[in-house]
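Trainee: Pasting a structure here, questions to come.
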Amino acid sequence: MMRRFRGVLKERGLTDQQWRILRALAEHGAMTATALADECCMPGPSITGVLDRMEQGGLVSRSRSAADQRRMDIVLTPQGAALVEAALPDIERVYAELEHTVGAARLAALARELEDLLVVLDDAQVEETGEVPS
């Protein structure tokens, strides 16, 4: 499904990974790299490189957390927030086209099935390792 969105992202000079990070930060506000990696389903080492490039491009910034000086928070810059705002109408248009093509009920069923699958996988991880997924 991502190929339907790649044209919109490419027009704005974004990769899939960069968009996932921008969207997560727009939805959740400041996040740690670990929380972002979990939210965006990206390995830690990969997200570090993507964040470095995004910071150099002025889309995100990092700063010490006020709550815990050992932690670095990543936030959208005004430029990053403007890019999200500019891209959202086109992203929403692609979602609407998908809904029109496959049907709202079918997309909703797919989303539910994927969420159920994630729960099963998280439960299996807890059973295997004793670790609760974040």
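Trainee: Probe radius 1.4 Å, ligands and nucleic acids ignored: give me the carbon and sulfur share of the accessible area of region 4-134 as a rounded percent.
Mentor: Of all accessible area on region 4-134, carbon and sulfur atoms account for 53 percent.
Trainee: Using all Cα-Cα distances in region 32-134, what percent lands in each 10 angstrom bin from 0 up to the longest?
Mentor: 13, 26, 31, 26, 3
Trainee: Taking Cα centroids, how far is region 90-104 from region 11-54 in Å?
Mentor: 24
Trainee: Roll a 1.4 Å probe over the protein chains and send me the accessible area per residue for the chain in Å².
Mentor: 66
The values are calculated or read from the model by the stated rules, or taken from the named source; none is laboratory data. Predicted model, so just to flag it, every value in this text is computed and none were measured. Each accessible area value is taken on the protein alone, full model and side chains, heavy atoms only, with ligands, DNA and RNA left out. Shrake-Rupley method; radii C 1.70, N 1.55, O 1.52, S 1.80 Å.
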